[in-house]
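Worksheet: one structure, shown below.
The values are calculated or read from the model by the stated rules, or taken from the named source; none is laboratory data. Quick caveat: nothing in here was measured; it's all calculated off a predicted structure. All Cβ positions, glycine included, derive from the backbone under ideal geometry; neighbour counts span all protein chains shown.
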Amino acid sequence: MRRFLMLMLGSVLLLSFPGAAHAATAQPRDDSLVVLSGDAYVAGRDTIDSVVVFNGGVLVEGRVRNDVVAFSGPVTITGDVGGNVVVFDGLLTVQDGAHIGGDVFADRRAIASGAAIDGELSSTQHFAVAAGWASVVFGIAVWLAIAVSILILGLLLLWFAPRAAESVVVAGKTAVGPSIGWGAAMLFGLPVLGVIAIATVVGIPFGVGILLALALIFAIGQTTGAWFLGRSIIKSGSRVGAFALGWAILMLVGVIPAIGTLAWLTATVYGLGMICVAAFRARRSPSEAAPTPTMPAPTQTPVNV
C-alpha cells in the first residue's frame, strides 16, 4: 500500500512541477527541487518553490514557498516553509525559530517549543486510506473497461465472421496440442520479435508496429478463448448466447487474484492458438483438406460377336 501511495503521489508531484530537476544529487534551484536519490538542501539565503525527495534527507535552512514532501528519509526544518510538510517514512525535526505555514503530516516528529506551525499536526495514515480506495476504484474501472471491450469485440467478430468462429471451435476441439503450442509461440514470440526488430534499427517501424498491435492481438485471443468456452458448454443454438456465457464466466473468474490471471492467460494462449490452426487449415487446398475418394473404373462386359 505504501509503495502504491508513493508511486501515485510521486507521479502527481512530478507532473505538478514543470520546472523540476531530476538528479541523483541536487543543488538549490530557483524553482522546484525534485531528487530521486540523494539529499536535498535549501541554503539559508535561497528561496525555491517546492521540495520533493523520493529517497534521501531534506534540510531546509532557507525558504520554501510551497510544500516539502519526503517519501523515505529524515526532514529537518530550520527555516521557513510556506505550505505543507509531508514525511511518509522518516523523522521530521522542526527546530526553534522555524516556521511552517501549512499542515504537518508525519508519523514521527520532533517539534521544538520555539517552532511556529500555522496548520494542524496529522498522521499520514489517511493518505494510505485514500490510496486504498483509489486502488479499488482504479481496479474496478480497469476491470469494467476490459470486460466491455472483450464483449464488444466478441460480438463484432461473431457478426462479421460467424463461419470462421465455428471453424475456430472445431480447431480447438480437434487440435489441442497445436493450439497450445501456437498460442504460446504467439504470446511470447511476438513481443520478442518486436524488440529484436527495434534493436536492428532498420526494423524499427516493423517492431514498433508489432508492439503497438499486441494489445489488440491479445484481446482477440481472449475473446476467442471466451467464445470457445461458451461454445463448449452450449454446443448448438445462439452464437451470441454461447459467447455471452463464456465471457461472463471469464469475467467472474477474473476478479480472483491468482486464478483470474491464470484463466485469462489460458484463454489468451488457447484463443491465439486456435486462430492459427484454423487459419492454416483454411489455407489448404480443398484436395488437401478433404481428399475426394477415387471412383473405381467401370468394368466392361465382353460382347460376343
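Computed values, structure above
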| quantity | calculated |
| --- | --- |
| Residue selected from the stretch 42-99 under the condition outside any strand (DSSP E or B) and of a type in the set (D, E), by the criterion surrounded by the fewest Cβ atoms within 10 Å (Cβ to Cβ) | D96 |
| Subset of the stretch 106-121 that is among the small types (G, A, S) and within 18 Å of N66 (Cβ to Cβ) - its residue that is modelled with the highest pLDDT | A116 |
| Considering residues of the stretch 13-41 that are of a type outside the set (G, A, S), outside any loop (DSSP other than H, G, I, E, B) and at pLDDT 50 or above only, the residue surrounded by the fewest Cβ atoms within 10 Å (Cβ to Cβ) | Y41 |
| Hits in the stretch 55-74 - residues which are of a type in the set (S, T, N, Q) and under 14 Å from L91 (Cβ atoms) | S72 |
